[in-house]
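The values are calculated or read from the model by the stated rules, or taken from the named source; none is laboratory data. As the structure is a computational prediction, the values presented were derived from the model and not from experiment. Note: ideal-geometry Cβ built from the backbone for every residue, glycine included; neighbour counts use all protein chains shown. Note: accessible area is taken over every heavy atom of the protein model, side chains too, but ligands, DNA and RNA are not part of it. Shrake-Rupley method; radii C 1.70, N 1.55, O 1.52, S 1.80 Å.
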Protein chains: 2
Amino acid sequence: MTGDAPPEPFPARRRPDAGIVAAVVDALRAHFGPRLSTGHALREQHASTLTWVPSQPPDAVVFPHDTDEVRNVVKLCAEHGVPVIPFGTGSSLEGHVNAPYGGISVDLSAMNRILAVHPEDLDVVVQAGVTRKMLNEHLRDQGLFFPIDPGADASLGGMAATRASGTNAVRYGTMRDAVLALTAVLPNGDVVRTAQRARKSSAGYDLTRLLVGSEGTLGIITELTLRLSGIPEAIAAGLCPFPSIEAACDATILTIQSGLPIARIELLDEVQVRACNAYSRLALPETPLLLVEFHGSDASVREQSERFGEIADEHGGGPFRWATEAKERTRLWQARHDAYWAAMSLRPGAKAISTDVCVPISRLAECVQAAKRDILESGLVAPIVGHVGDGNFHCLLLVDPDLPEEVARATGFIDRVVGHALALEGTCSGEHGIGQKKMRYMAEEHAPATLALMRSLKRAIDPRGIMNPGKLLDL
Amino acid sequence: MTGDAPPEPFPARRRPDAGIVAAVVDALRAHFGPRLSTGHALREQHASTLTWVPSQPPDAVVFPHDTDEVRNVVKLCAEHGVPVIPFGTGSSLEGHVNAPYGGISVDLSAMNRILAVHPEDLDVVVQAGVTRKMLNEHLRDQGLFFPIDPGADASLGGMAATRASGTNAVRYGTMRDAVLALTAVLPNGDVVRTAQRARKSSAGYDLTRLLVGSEGTLGIITELTLRLSGIPEAIAAGLCPFPSIEAACDATILTIQSGLPIARIELLDEVQVRACNAYSRLALPETPLLLVEFHGSDASVREQSERFGEIADEHGGGPFRWATEAKERTRLWQARHDAYWAAMSLRPGAKAISTDVCVPISRLAECVQAAKRDILESGLVAPIVGHVGDGNFHCLLLVDPDLPEEVARATGFIDRVVGHALALEGTCSGEHGIGQKKMRYMAEEHAPATLALMRSLKRAIDPRGIMNPGKLLDL
């Protein structure tokens, strides 16, 4: 990378010769023994799993134990031009873990050690395969928690690689904010530690943020230093129906403008509420609904809840119900927790395609309403949930992947939602990332000069194009 | 940048031929007329101003009005290999605006238009020359404010370029967090817009964060989209003496761990308090002091203040005085507002050298105390102030720059403070940046592979090395 020899023609967008791959797999087997597998089922499982993207399995899967082992895999693959595909838990949604040119899937699940907890500094050092639930389990006794919650029990390395966020982001930020420092193996086999453990720094380029969201195309994240939060003294959860999407969004805007430090604010449209009523045997009013959560002291969550109730009332929302007891809170939030399965039950056997766009919050109502009209006109089934405090929402399209006409209709819908979000100064992905499926939108969202800059970074760091090829950027 | 021709040998660490510079200056004058100057005084003023770094003036200073004019300057300079040095207000502290190889200083102060305020989205679009006070003046009527406050009335472009922070960072984050998107002119003359206006995105590499903190070495920031906050309903300020630095730091740690959403928490050591008493005619107890500020509703700032008072008491601090009325708040914080001038008055005629290190908060007391012992043993005068919620502190060394022995003693002290901070998993710069003066510490803080990655980014984006050469990285 830093040598003077000109890089080979970039990118090598083809499968390497079968003989070369076989030699690399043999060399890896000599070191990893049973921790390397070429079995069909395991390879399939390491291709795209949670998405509608057709599977493209890797040639082999390897399970390293530490950064050093990851480095050895990458060095060997780099030497022979064999693709390397980092794998966390496979819960990404846009085809991030597929192997379109074959290669070695590096499964980090055995790298699941929590290396150090620093309660006084509110940070933790983990291996990349630790999942967020494992981490929170480990932290609970110390009164600490890791707030980023994308829904799935994803690995923390994978969450960093896709710049994940979720329901808590409105208060606690996204993985962009949560990562203090990373250790990563670069495509040339170099191991970099991006930063010290200090909470802030102005000492050079922000390599941490360069790797967060790079989707494994610039290197493999092997360790992370993460910011933690204290478990709040009190939590209040609430639920409030609104007469319209617009009213719910306006209430959200005023809540944020007022500086209410809301921890979660989630929108469910009436289709989703209807699905939840059926699935979870609830009796919620079948209108747009906001589910909220407040963190703080007893007095402050009470004050926040009351203030939110007033704001909701000003926008025709209500009755606003809220609770601080754990059991009652769970009951109020049941609809949100079951939203995914409730949506799936609307059409048993269908595959769910989750769109993901994010717009400035003032444009949210407009974008969601246009999406709802389009869903209706397209004859699709697609409940909507949104992290509305961030202007981020998902339509869960329930599609039969065996019906090409239906898939085409769904794809056309996604094209239009993305186009509309971009026209409203939004982005084609708020939190799911680009992977394979959203590469087509990169040139819509970013100007040629911006894409050229991204490509020049990729070329500088991965001149042979071995790191997770066929993702994020057309090269 | 994206062409296939191999770049010229990198970097061109020499002054370009005088004839070439003269030709470039002539060409610029033809376009800019009186907005280009080669006057001695103006060039001196655009070299290092606020620091102890010797001045290295540019060959000319140019005052563009918009991104297009900046692009024209950069393209012309790129064509002829003439250095380009971005200039905001000149308030940086580590020699960022010097021109060691001559070249053109691009003064952005005439790019001072606020392009759009979006109150519902809590964001604003500004040209890079707008200063933070200009912006806050403009926003006041709308109940909004921009929270990052590095002390100086710096330009927002400069603040982004150095990843500035300051007293509010513990609650509102640093420029890393405050910038939603940037427009920048790259060394090849390309204009990039790094992101849309959505609050979060997972659509590609984080070019925003790549440019934030890059100190003008990767491009010139010309426009910024910034996150704003609502002016809090209530503000409470407080002041609390502590028996020791350690007690003050322990109280800070517990405050943060408890999740108190403190807006500011500043440490003054007893030397600084003594200086403030003398300078501002106060009668504060001459012990370590914490100055705090709380933002929220009336009830919540009252609750936060009371809770902080309890925490302070647990650590032997007190009496804790606090106030919510503006006049009384100003009185309580007077010592902090006057800290710089009070420190200067300890040694009239001396130059102030502000160190800047940041450590994990649990190591702060240890690092500050070691610094204080060292100051004493080195016979230096250096009061200490700290943004202790972030683990960041400054020693204000009062030095006669005409006494080489004294400068050497100060330099030796800074070397040791940085070394100690690094040993405690801290950083050589929490917020001032690297510039010229801290380049020597980059190799202490970052491993060779990490520096190699930074260099490869610089080479990819600025192959001829024209952007702010001689800063941030040894190449």
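Each row is one residue, and each column tells you yes or no for (1) touching a helix residue (DSSP H, G or I) at 6+ places or on another chain (Cβ under 7 Å); (2) outside any helix (DSSP H, G or I); (3) in the same structural domain as residue A:396 (by TED's automatic domain parsing); (4) modelled with pLDDT under 95.
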position: A:6; (1), (2), (3), (4): no, yes, no, yes
position: A:9; (1), (2), (3), (4): no, yes, no, yes
position: A:21; (1), (2), (3), (4): no, no, no, no
position: A:26; (1), (2), (3), (4): no, no, no, no
position: A:32; (1), (2), (3), (4): no, no, no, no
position: A:51; (1), (2), (3), (4): no, yes, no, yes
position: A:55; (1), (2), (3), (4): yes, yes, no, yes
position: A:64; (1), (2), (3), (4): yes, yes, no, no
position: A:73; (1), (2), (3), (4): yes, no, no, no
Exercise. Out of B:293, B:325, report the one residue that is over 18 Å from residue A:233 (Cα atoms), among the acidic types (Asp, Glu) and out of contact with any Lys or Arg (no Cβ under 9 Å at 6 or more places or on another chain).
Key: B:325
Exercise. Might you let me know whether region A:275-297 holds any residue that is in a loop (DSSP other than H, G, I, E, B) and either within 14 Å of another protein chain (Cβ to nearest Cβ) or closer than 30 Å to residue B:256 by Cβ (or both)?
Key: yes
Exercise. Only one of these is over 30 Å from residue B:255 (Cβ atoms) and either surrounded by 22 or more Cβ atoms within 10 Å (Cβ to Cβ) or under 19 Å from the mean Cα position of the chain (by Cα) (or both): A:126, A:130, A:84. Name it.
Key: A:84
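Just to be sure before I move on: is residue B:140 within 11 Å of chain A (Cβ to nearest Cβ), open to solvent by 10 Å² or more (accessible area, probe 1.4 Å) and either modelled with pLDDT of 95 or more or at negative phi (or both) in the structure I sent?
Here the answer is no, as residue B:140 does not meet what is asked.
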Exercise. Please work out if residue A:418 is touching a Phe, Trp or Tyr at 6+ places or on another chain (Cβ under 7 Å), of a type in the set (Val, Ile, Thr), open to solvent by less than 20 Å² (accessible area, probe 1.4 Å) and farther than 23 Å from residue A:91 by Cα.
Key: no
Exercise. Would you check if residue A:333 is open to solvent by 10 Å² or more (accessible area, probe 1.4 Å) and either on the phi < 0 side of the Ramachandran plot or of a type in the set (A, V, I, L, M, F, W, C) (or both)?
Key: no
Quiz prompt | Selection count, region B:370-388, where residues are within 13 Å of residue B:421 (Cβ to Cβ), more than 14 Å from chain A (Cβ to nearest Cβ) and either small (Gly, Ala, Ser) or touching a residue at least 60 places away in the same chain (Cβ under 8 Å) (or both) | solution = 2
Exercise. For region B:24-71, enumerate the residues that are open to solvent by 50 Å² or more (accessible area, probe 1.4 Å) and under 28 Å from residue B:192 (Cα atoms).
Key: B:26, B:29, B:30, B:31, B:35, B:65, B:66, B:68, B:71
Quiz item: Quick one: residue A:158 ticks every box in (1) more than 11 Å from chain B (Cβ to nearest Cβ); (2) within 14 Å of residue A:221 (Cα to Cα); (3) in contact with a strand residue (DSSP E or B) (Cβ under 7 Å, 6 or more places away or on another chain) bar one, so which box is it?
Solution: (3)
Exercise. Go through B:360, B:383 for me and flag whichever is over 28 Å from residue A:180 (Cα atoms), crowded, with 20+ Cβ neighbours inside 10 Å and in contact with a helix residue (DSSP H, G or I) (Cβ under 8 Å, 6 or more places away or on another chain).
Key: B:383
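Anything in region B:180-213 that is aliphatic (A, V, I, L, M) and either out of contact with any Lys or Arg (no Cβ under 8 Å at 6 or more places or on another chain) or facing chain A (nearest Cβ under 7 Å) (or both)? List them, or say none.
B:184, B:186, B:191, B:192, B:195, B:198, B:203, B:207, B:210, B:211, B:212
Looking only at strands (runs of 3 or more DSSP E) that lie completely in region B:146-242, which have at least 1 residues being within 30 Å of residue B:320 (Cα to Cα) and at pLDDT 95 or above?
Numbers: elements: B:179-185, B:191-193, B:220-227, B:234-241.
Output list reads B:234-241.
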Quiz item: If only one of A:391, A:465 is buried (at least 24 other Cβ atoms within 10 Å of the Cβ) and either facing another protein chain (nearest Cβ under 7 Å) or out of contact with any strand residue (DSSP E or B) (no Cβ under 8 Å at 6 or more places or on another chain) (or both), which one is it?
Solution: A:391
Quiz prompt | Single residue of A:122, A:108 found to be of a type in the set (A, V, I, L, M), away from chain B (no Cβ under 13 Å) and in contact with a helix residue (DSSP H, G or I) (Cβ under 9 Å, 6 or more places away or on another chain) | solution = A:108
Quiz item: Are any residues in region B:421-445 at the interface with another protein chain (Cβ under 7 Å from one of its Cβ atoms) and open to solvent by less than 10 Å² (accessible area, probe 1.4 Å), and if so, which ones?
Solution: B:426, B:427, B:428, B:429, B:430, B:433, B:434, B:442
